[in-house]
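Asker: Can you read through this structure? Questions will come right after.
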Amino acid sequence: MAVELSEEVTLRRSEELAALQAYYDDALLPSLIPPSSSEDDRHQATIALEGPWFIQLGNRSLFGLGIPTLEIRLPSTYPFGNECPTAIIHNVMMNPQIKEELLQELKDMYDMETDVGIMWGERC
């Protein structure tokens, strides 16, 4: 279901998504399932402003789990509301307590009107 975004939210997310695409290139994915390896297919995949956004945190699979990936789920008012985006880390073997501490740290880093994509991706 598509979420109706305000003009201001749409503009800010468009700018952040452009920055994410420039910074992460092919590591920014439209879904957790990577697009096919075809160059044309990869560039045709659209990343929705509504999210979620997926950032691969490396370039190789660890222990056969797939490439560690950060998923960022966006509340409808992001980046202007008080509600923090939700971070989920996929395909990683990590002590559950350390993983929870990292996710809490990401939440603590959130400041209204601050773009979190690159900041959270680099922290992970």
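Asker: I need the helices (runs of 4 or more DSSP H) fully contained in the stretch 26-124, keeping only those with at least 1 residues that are modelled with pLDDT of 90 or more.
Answerer: 96-109, 117-123
Asker: Right, here's the next one. Is there any pair linking a residue in the stretch 93-114 that is more than 30 Å from residue 14 (Cα to Cα) to one that is assigned to a loop (DSSP other than H, G, I, E, B), with Cβ under 7 Å and at least six apart or on different chains, and which?
Answerer: 93/62; 93/63; 93/65
The values are calculated or read from the model by the stated rules, or taken from the named source; none is laboratory data. Quick caveat, the model's predicted, so the values are computed rather than measured. Heads up, the Cβs are rebuilt from the backbone with ideal geometry, glycines too, and the neighbour counts pull from every protein chain shown.
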